[in-house]
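A.B. asks: Supplied in structure tokens, the structure appears directly below.
The values are calculated or read from the model by the stated rules, or taken from the named source; none is laboratory data. Please read these numbers as outputs of a predicted model, since none were measured by experiment. Note: ideal-geometry Cβ built from the backbone for every residue, glycine included; neighbour counts use all protein chains shown.
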Amino acid sequence: MKIKNVVVIGSGTMGSGIAAHLCNANIPVTLLDLKTEISEKARERIHKSRPPLLIDKSKINNIKVGNISDNFDVVKDADWVVEAVVERIDVKHQIYEKIFKARKDGAIVSSNTSSIPIKVLSEHLTDSEKKDFCITHFFNPVRYMGLLEIVKNENNDLNKINQLKEFCEIELGKGAIVCNDTPGFLGNRVGVYAMQIAMTEAFKMKLSVEEADAIFGRPMGIPKTGVFGLYDLIGIDLMADVLKSFIKELPETDEFHEVAKEIPLVKKLIDTGYTGRKGKGGFYRVNKTGETKVMEAINLETGDYSPSKKIDLKSDKVDLKGLIERKDKYGDYAWSVISKIIKYASSLVPGITKEFNDIDEAMRLGFNWAKGPFEMLEEIGVNNFFDKIDDYSGNNFLEDLSKTKNEDFYGARQKYTNIETLGKVKKTASSLDGNDSAKIYRFNDYNIVEFTTKANALDYNSMDALKKATDKPLIIINESMQFSAGVNLTYTMQFADKNDFKSIEKFIKYFQETCKHLKYSKYPVISAPSGLTLGGGFEVMVQSNFVASHTNIVVGLVETIVGLIPAGGGCKEMLARWLDTNEAKADPDYASLKVFDIIGYGKTATSPVEAAPMKYLRSNDKKIMNRNSLLEVSKEILRENKDFVAPNELKFNLPGKAVLGKMDKILQKLYNDKIILDHGVVVAKELAHVLSGGDTTIDKILSEDDLFKLELDAFMRLIETPKTQDRIRHTLATGKPLVN
């Protein structure tokens, strides 16, 4: 059965998210709730959502709305009916009775529950109805979270389950993992346990919340919110309810009971309204004194708050071996948490899934971990792990592994999908090259470069790896959350703080050289971005010969926000794209003014559809729903371009001083309206100088190197100003822009 029409019942956060994502895939969907007005308000929320749930706002028209009293007959035409109502079994049972009376023969029915077992949900269904009923547990926000758990049991028609999996993988772009009907399924069972062990061990070992979050974060390949920050984000009261659900469903012998015990401080926080970010605060709170806001953290022993302290672990790389071998409380905490997560996850095989690496993928896709528990074990090393571990009796997986001590136990990755993913291919590389900032995977007929720094920020080593990898066709791709957030500002400011501006200039020149080398290389270069593709990351992408973009990108040139201008060819490339328009051919000022507006405001696009009108992406750039398919599509591009010939170098005719007057008028108005302040004017004037072509006239031809020089000179003048340095320091410290 092909899925061409879907009905979603329940227009809350999850129902709305599922409906919006079906729209993204151009699947007609009807959203039903108790009243049509509720569904209509949900559609309005989808349209206005930030970050946007839709890759193109016009797709909102694909969502029809209605109510379950007057419009339930739409179910008879649906190939798939998704129930996403309140987590009350009686309400769900009533809905299922209506659905199965109305649905057409063979239509799939699923629940988006995160905790109720199929056996409970389906207890009133007939045997034939049970065949077509399963759980489809999407993660929130649906557009951005890759994981979809399809939960089955012995009653299911496995062909139907596989058809649904294939649809969700290909059409919706999900990492669809089929798992058994066990409490918490895959992701939450391990993810919530990991959170609880990180929390309880912090209490036990008398760590501060800041210390625990610093370790149970980037050093472990886990998002930087850490455990206490994540608790606050989810809601401390909601997490308490989740734990009660696990305690109710799991046998008393399960280790989960030990970590789910009520903690007095947590109960006190809930009772006093400190439920996290949605309440008065939680483990962290913002305390306002006059005009000053201070982030405070709670003392886990006393319950008192004090100003939050930054913990410097002297490393921002994922290095599990180094972390657990530290001879301090941080090393002890890391080992205690990691070893217990590995022990618990391995104890669940084959109960929740026979493929242990499905658990790893669930943690990657559903919790944004860089490595799942078994990949952690692989990195630590099997012998090293067993040299350090305490009792693991009764754990069949670890007992078997302890006998073989097989360091290569992991085998293939991402068995849940037939797609030739990056994760699978990396292990088959003929050789591995690179440095601290980027890895080069070499194959017979192409190379892959994967950035490995924090947020994949770019530095000298990143450029080295790119240059070194162009001896064959090159694909620039990675598995982390971001393609690249841009040039490493911390790296740049280390030189600025020493007044070593020559080193900054040398780096920017090398960056320009590398981007030009990519563009005019003998072999084709493909960028396959996903997530943040900003500043320098955008400049690498835009100067690649081909682009295969995931639909979940955030792309743009944002340098003006930190008091700089794009200097790796971003200005040059945007000018070239806008000069190649009919409007620019009729008006010599058009391209300069258009790019001045786009870069000046630091405009970003949150999807390829939004990126196209700004010319961040071209019409022939590939747009892909399933991130796992980026490598396959990139390789297909290589096969289609075996006779690749590098493009001709660009030439520019720019208006020079003739357009500067128009730009000055724009700036004057913005300044008078207090939209920009003094330094904003300085930055914008440097940008105007570059985009006008500097000291030129429309009949003079400028080369790409001329544009590179204009970018470099403007960048250097700005980086040397204290006010730009203030902007950069403020952004690095707070993550927010400084307007000065």
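A.B. asks: Which residues, counting only those in region 671-695, are closer than 14 Å to residue 591 by Cα and either among the basic types (Lys, Arg) or part of a helix (DSSP H, G or I) (or both)?
C.D. replies: Scanning region 671-695 gives 687, 688, 689, 690, 691, 692.
A.B. asks: Suppose the filter is free of Cβ contacts under 8 Å to residues at least 60 places away in the same chain and either out of contact with any Cys (no Cβ under 6 Å at 6 or more places or on another chain) or in the same structural domain as residue 342 (by TED's automatic domain parsing) (or both); does residue 236 pass it?
C.D. replies: Working: free of Cβ contacts under 8 Å to residues at least 60 places away in the same chain: yes; either out of contact with any Cys (no Cβ under 6 Å at 6 or more places or on another chain) or in the same structural domain as residue 342 (by TED's automatic domain parsing) (or both): yes.
Yes: the conditions hold for residue 236.
A.B. asks: Okay, moving on. Which condition does residue 526 not pass, out of (1) β-branched (Val, Ile, Thr); (2) closer than 30 Å to residue 172 by Cβ; (3) in a helix (DSSP H, G or I), if it passes all the others?
C.D. replies: Every listed condition holds for residue 526 apart from (3).
A.B. asks: In region 333-358, how many are of a type in the set (Lys, Arg) and assigned to a loop (DSSP other than H, G, I, E, B)?
C.D. replies: In the first step, residues of region 333-358 are kept if they are of a type in the set (Lys, Arg); the result is 340, 343, 354.
If we keep only those that are assigned to a loop (DSSP other than H, G, I, E, B) too, we end up with 354.
The number of residues fulfilling the criteria is 1.
A.B. asks: Being surrounded by fewer than 21 Cβ atoms within 10 Å (Cβ to Cβ) and more than 13 Å from residue 337 (Cα to Cα) is the filter; apply it to region 196-210 and report the residue that is nearest to the chain's Cα centre (by Cα).
C.D. replies: 210
A.B. asks: Okay, moving on. Consider only pairs whose beta carbons are under 8 Å apart and that are at least six residues apart or on different chains; among these, list those whose first residue lies in region 136-165 and is more than 14 Å from residue 176 (Cβ to Cβ) and whose second residue is hydrophobic (A, V, I, L, M, F, W, C) and not in a helix (DSSP H, G or I).
C.D. replies: Final answer for the pair search is 141/53; 143/53; 143/54; 143/55; 155/133; 156/133; 156/134.
A.B. asks: Can I ask one more? What residue, of 169, 210, is assigned to a helix (DSSP H, G or I) and touching a Lys or Arg at 6+ places or on another chain (Cβ under 7 Å)? So that I can check it myself, show each step before the final result.
C.D. replies: On the way: 169 fails: touching a Lys or Arg at 6+ places or on another chain (Cβ under 7 Å).
Matching residue, one of 169, 210: 210.
A.B. asks: Hey, among 326, 277, which residue is at pLDDT 90 or above, within 26 Å of the chain's Cα centre (by Cα) and of a type outside the set (Gly, Ala, Ser)? Steps first, please.
C.D. replies: Numbers: 326 fails: within 26 Å of the chain's Cα centre (by Cα).
It is 277.
A.B. asks: Moving on. Can you find a residue that is in a helix (DSSP H, G or I) and either touching a strand residue (DSSP E or B) at 6+ places or on another chain (Cβ under 9 Å) or more than 22 Å from residue 549 (Cα to Cα) (or both) anywhere in region 51-58? Reasoning before the result, please.
C.D. replies: Kept after step one, since they are in a helix (DSSP H, G or I), are these residues of region 51-58: 57-58.
Filter again for either touching a strand residue (DSSP E or B) at 6+ places or on another chain (Cβ under 9 Å) or more than 22 Å from residue 549 (Cα to Cα) (or both), leaving none.
Checking region 51-58: not a single residue is in a helix (DSSP H, G or I) and either touching a strand residue (DSSP E or B) at 6+ places or on another chain (Cβ under 9 Å) or more than 22 Å from residue 549 (Cα to Cα) (or both).
A.B. asks: Here are some conditions: (1) over 27 Å from residue 641 (Cα atoms); (2) touching an Asp or Glu at 6+ places or on another chain (Cβ under 8 Å). Residue 523 meets all but one. Which one does it not meet?
C.D. replies: Failed condition: (1).
A.B. asks: Hey, another quick one. Restricting attention to region 607-627, and to residues there that are surrounded by 20 or more Cβ atoms within 10 Å (Cβ to Cβ) and out of contact with any helix residue (DSSP H, G or I) (no Cβ under 8 Å at 6 or more places or on another chain), which single residue is nearest to residue 479 (Cα to Cα)?
C.D. replies: Only one residue tops the list, namely 627.
A.B. asks: Please work out which one of (1) in a helix (DSSP H, G or I); (2) at positive phi is the condition residue 634 fails and give its number.
C.D. replies: So residue 634 meets the others, but not (2).
A.B. asks: Please verify whether residue 575 is touching a residue at least 60 places away in the same chain (Cβ under 8 Å), assigned to a helix (DSSP H, G or I) and not assigned by TED's automatic domain parsing to the domain that holds residue 490, treating the condition exactly as stated.
C.D. replies: Values: touching a residue at least 60 places away in the same chain (Cβ under 8 Å): yes; assigned to a helix (DSSP H, G or I): yes; not assigned by TED's automatic domain parsing to the domain that holds residue 490: yes.
Spelling it out, residue 575 is indeed touching a residue at least 60 places away in the same chain (Cβ under 8 Å), assigned to a helix (DSSP H, G or I) and not assigned by TED's automatic domain parsing to the domain that holds residue 490.
A.B. asks: Next up: Go through region 683-728 and give me each residue that's out of contact with any helix residue (DSSP H, G or I) (no Cβ under 7 Å at 6 or more places or on another chain), acidic (Asp, Glu) and farther than 14 Å from residue 653 by Cα.
C.D. replies: 713, 726
A.B. asks: If you take the residues in region 140-166 that are among the basic types (Lys, Arg) and part of a helix (DSSP H, G or I), which one is surrounded by the most Cβ atoms within 10 Å (Cβ to Cβ)?
C.D. replies: Initially, region 140-166 is screened for residues among the basic types (Lys, Arg), giving 143, 152, 160, 165.
Next cut, part of a helix (DSSP H, G or I) only: 160, 165.
Working: 160: 18, 165: 21.
So, considering only residues that are among the basic types (Lys, Arg) and part of a helix (DSSP H, G or I), the one surrounded by the most Cβ atoms within 10 Å (Cβ to Cβ) is 165.
A.B. asks: Taking the condition surrounded by 16 or more Cβ atoms within 10 Å (Cβ to Cβ), more than 28 Å from residue 639 (Cα to Cα) and outside the structural domain of residue 511 (by TED's automatic domain parsing), does residue 370 pass? Before you say what the answer is, go through the steps one by one.
C.D. replies: Working: surrounded by 16 or more Cβ atoms within 10 Å (Cβ to Cβ): yes; more than 28 Å from residue 639 (Cα to Cα): yes; outside the structural domain of residue 511 (by TED's automatic domain parsing): yes.
So residue 370 passes the test.
A.B. asks: Looking for whichever is of a type in the set (Asp, Glu), under 20 Å from residue 160 (Cβ atoms) and either at pLDDT 95 or above or part of a helix (DSSP H, G or I) (or both) here; the options are 37, 44, 129. Which one fits?
C.D. replies: Numbers: 37 fails: under 20 Å from residue 160 (Cβ atoms); 44 fails: under 20 Å from residue 160 (Cβ atoms).
Criteria check complete, one pass: 129.
A.B. asks: Just to check your reading of the model, which residue among 193, 144 is among the aromatic types (Phe, Trp, Tyr), in the same structural domain as residue 214 (by TED's automatic domain parsing) and either under 22 Å from the mean Cα position of the chain (by Cα) or modelled with pLDDT of 95 or more (or both)? Walk me through how you get there before you give the answer.
C.D. replies: Details: 144 fails: in the same structural domain as residue 214 (by TED's automatic domain parsing).
Exactly one residue qualifies, and that residue is 193.
A.B. asks: For region 287-303, check the following and say yes or no: at least one residue is touching a helix residue (DSSP H, G or I) at 6+ places or on another chain (Cβ under 7 Å) and among the acidic types (Asp, Glu).
C.D. replies: First pass over region 287-303, keeping only residues touching a helix residue (DSSP H, G or I) at 6+ places or on another chain (Cβ under 7 Å): 297-298, 300, 303.
Going one step further and asking which of them are among the acidic types (Asp, Glu), we end up with none.
Looking for residues that are touching a helix residue (DSSP H, G or I) at 6+ places or on another chain (Cβ under 7 Å) and among the acidic types (Asp, Glu), one finds none in region 287-303, hence no.
A.B. asks: Moving to a separate point now. Checking residue 713 against (1) among the charged types (D, E, K, R); (2) in contact (Cβ under 8 Å) with a residue 24 or more places away in the chain; (3) surrounded by fewer than 20 Cβ atoms within 10 Å (Cβ to Cβ), only one condition comes out false. Which one?
C.D. replies: Evaluating residue 713 over (1) among the charged types (D, E, K, R); (2) in contact (Cβ under 8 Å) with a residue 24 or more places away in the chain; (3) surrounded by fewer than 20 Cβ atoms within 10 Å (Cβ to Cβ) leaves (2) as the failure.
A.B. asks: Oh, and also: When you go through (1) under 30 Å from residue 170 (Cβ atoms); (2) charged (D, E, K, R); (3) exposed (fewer than 15 other Cβ atoms within 10 Å of the Cβ) one by one for residue 439, which number turns out not to apply?
C.D. replies: (3)
A.B. asks: Give the residue, chosen from 342, 359, 338, that is of a type in the set (Val, Ile, Thr) and touching a Ser or Thr at 6+ places or on another chain (Cβ under 9 Å). Outline the logic, then answer.
C.D. replies: Numbers: 342 fails: touching a Ser or Thr at 6+ places or on another chain (Cβ under 9 Å); 338 fails: touching a Ser or Thr at 6+ places or on another chain (Cβ under 9 Å).
Just a single option satisfies the conditions, and that option is 359.
A.B. asks: Return only the number of the condition from (1) surrounded by 12 or more Cβ atoms within 10 Å (Cβ to Cβ); (2) more than 30 Å from residue 56 (Cβ to Cβ); (3) polar (S, T, N, Q) that residue 648 does not satisfy.
C.D. replies: All conditions pass for residue 648, except number (1).
A.B. asks: Which of the residues that make up region 9-68 are within 20 Å of residue 168 (Cα to Cα), among the hydroxyl-bearing types (Ser, Thr, Tyr) and more than 26 Å from the chain's Cα centre (by Cα)?
C.D. replies: Listed by number, the list holds a single entry, 30.
A.B. asks: Now a separate question. Is it the case, given these coordinates, that residue 318 is hydrophobic (A, V, I, L, M, F, W, C), touching a Pro at 6+ places or on another chain (Cβ under 7 Å) and exposed (fewer than 14 other Cβ atoms within 10 Å of the Cβ)?
C.D. replies: On the way: hydrophobic (A, V, I, L, M, F, W, C): yes; touching a Pro at 6+ places or on another chain (Cβ under 7 Å): yes; exposed (fewer than 14 other Cβ atoms within 10 Å of the Cβ): no.
No, not satisfied.
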